[in-house]
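Okay, structure first, notes after.
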Amino acid sequence: MVIINLFSIKKFCSKPNVILNNGTKENTTFKFCSSHTIIFWSVIFVVLIMEKSSNNIVPRIGLGTYNMNSEEAEEMTYAAIDYGYRHIDTAAVYRNEDGVGRALNRIFTDTDLNRSDITITTKLWPGGLLKVDRVKNNEGTIKSLEKSLRNLDLEYVDLYLIHSPHAKGKRLEQWETLLSQQEMGKIKNIGVSNWGINHLEELNDKGYPLPAANQIELHPWSQKPELVSYLQDNDIDIIAYSSLVPLSTWRHKDGENSLKTDQMYKDSEDANSPFKKLAVKYNVSEAQILLKWALQLGYAILPKSIQIDRMKDNFDLTFTIDEVDMELIENLDRGGSVTWEYGDPLAIK
Ligand code: NAP
């Protein structure tokens, strides 16, 4: 594109000089054809192209808040933003939106940061996971969004996601509601989470705009190449969650449930595990290897920690994993998902 642009400017500027009646040549070079001006316009063009082709809806490193209570969410949100994080991920079902809201208010009072400096994602619980879990219709969806905004003490959220595809028969209605709420300015970007190709194609079939982002479980043991290609082909921002599944410390406390098996935990502890070896090679932590792998593939990440030193570690990712090691990690895919204890939401029909 850039080469075409430079050629077209050159062609435009090399218009032959006009021979005047008295035999002299008139200099017809356009004012904006000097070499400096051409370079200036080319740089502007490149910047515009890069902006247009970037589908990054959220800052690449965000703080995850699942399994944080309200007080932990307040403390960690404040500390993370203070450290440099500019994206916080929460959800109605995490029951900690109020903690995130309190931290934001303190940040806006204590620092020069404004609302527009911080990206806030929250999620609609769609219903339908269990029999008693009522599926939300248009009205229920609006009420949920209003409640999240009240909890967060915000006028709008930057990204609102349908948390999962469990609302069979009502997915389209929920999507239509999100579109209308976006029109009203209560949401900047609308997206989904845990939606597979079949769910996204339902929107396509009805001619609806596709989501701006899809938040999905992604880590070296669950790489989902087919879904990733689909999302990339359709300019849907990929937000990776549970990046740290291969760590022995991932959700190790009582009540932090998942489908990660005992064998997987054993593999995580293996002193010869590829992630431990890579951590030594690059002189970083295992967590940093897992997070950097995702960033290098262009995914946004949402590491969660209630420990300040880990939160900082998870943000400091300035090293580069070389091609050979990226390929080595690519070969560690085990397929499947482990985060949701009720089963893989991508498998919902
Ligand atoms: P994660 O961020 O992959 O890992 C968190 C676990 O790893 C915790 O047990 C944490 O323990 C530990 N940990 C964090 N940093 C560490 C480090 N540097 N070294 C060693 N251990 C570390 O897990 P996640 O919470 O499953 O996913 C991240 C976020 O994604 C969530 O918080 C949530 O915002 C989002 N998410 C979304 C969905 C969805 O369905 N949309 C599902 C799951 C998650 P400590 O807290 O004790 O440090």
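Select from segment 293-304 the residues that are of a type in the set (S, T, N, Q) and near the ligand (Cβ under 10 Å from one of its atoms) and list them in ascending order. Listed by number, the list is empty, since nothing qualifies. Note on segment 301-321: residues that are exposed (fewer than 11 other Cβ atoms within 10 Å of the Cβ) and among the charged types (D, E, K, R) total 1.
Taking each residue of segment 128-140 that is modelled with pLDDT of 90 or more and looking for partners that are surrounded by 13 or more Cβ atoms within 10 Å (Cβ to Cβ) and of a type in the set (S, T, N, Q) with beta-carbon atoms closer than 6 Å, six or more apart or interchain, yields Asn138/Thr177. If you scan segment 57-96, which residues turn out to be under 16 Å from Gln215 (Cβ atoms), touching a helix residue (DSSP H, G or I) at 6+ places or on another chain (Cβ under 7 Å) and not in a strand (DSSP E or B)? Residues satisfying the conditions are Arg60, Thr65, Tyr66, Thr90, Ala92.
Please tell me if Asn69 is buried (at least 22 other Cβ atoms within 10 Å of the Cβ), out of contact with any strand residue (DSSP E or B) (no Cβ under 8 Å at 6 or more places or on another chain) and among the polar types (S, T, N, Q). Step through it out loud before you land on a result.
Working: buried (at least 22 other Cβ atoms within 10 Å of the Cβ): no; out of contact with any strand residue (DSSP E or B) (no Cβ under 8 Å at 6 or more places or on another chain): yes; among the polar types (S, T, N, Q): yes.
No, not satisfied.
Picking from Gln182, Gln174, Gln215, which residue would you name as being touching a strand residue (DSSP E or B) at 6+ places or on another chain (Cβ under 6 Å) and away from the ligand (no atom under 16 Å from the Cβ)?
Numbers: Gln174 fails: away from the ligand (no atom under 16 Å from the Cβ); Gln215 fails: away from the ligand (no atom under 16 Å from the Cβ).
The match here is Gln182.
Taking the criterion of being more than 8 Å from the ligand (Cβ to nearest atom) and either closer than 24 Å to Asn272 by Cα or among the aromatic types (Phe, Trp, Tyr) (or both), the residues of segment 218-259 that qualify are Leu218, Pro220, Trp221, Ser222, Gln223, Tyr230, Pro246, Ser248, Leu259.
Could you say which residue among Leu278, Leu291 is within 21 Å of Thr90 (Cα to Cα), surrounded by 20 or more Cβ atoms within 10 Å (Cβ to Cβ) and modelled with pLDDT of 95 or more?
None of the others qualify; the one that does is Leu291.
Looking at Leu231, Leu210, Leu244, just one residue is outside any strand (DSSP E or B) and within 14 Å of the chain's Cα centre (by Cα), and that residue is Leu231. Put simply, of Leu172, Leu161, Leu149, Leu154 the only residue that is assigned to a strand (DSSP E or B), in contact with a Lys or Arg (Cβ under 8 Å, 6 or more places away or on another chain) and modelled with pLDDT of 95 or more is Leu161.
Of the listed requirements (1) under 19 Å from Glu330 (Cβ atoms); (2) among the small types (Gly, Ala, Ser); (3) near the ligand (Cβ under 8 Å from one of its atoms), Ser285 misses just one: (1). Taken over segment 249-266, the residue count meeting the criterion of being surrounded by fewer than 16 Cβ atoms within 10 Å (Cβ to Cβ) and under 24 Å from Phe319 (Cβ atoms) is 1. The residues listed here are Asn204, Asn198; of these, the one that is out of contact with any Cys (no Cβ under 9 Å at 6 or more places or on another chain), part of a helix (DSSP H, G or I) and touching a residue at least 40 places away in the same chain (Cβ under 8 Å) is Asn198. Of the residues making up segment 305-349, those that are farther than 30 Å from Lys168 by Cα, charged (D, E, K, R) and either within 10 Å of the ligand (Cβ to nearest atom) or in a loop (DSSP other than H, G, I, E, B) (or both) number 6.
The values are calculated or read from the model by the stated rules, or taken from the named source; none is laboratory data. This is a predicted model, so every value here is computed, not measured. Methodologically, a virtual Cβ is constructed for each residue, glycine included, from the backbone with ideal geometry; neighbour enumeration extends over all protein chains shown.
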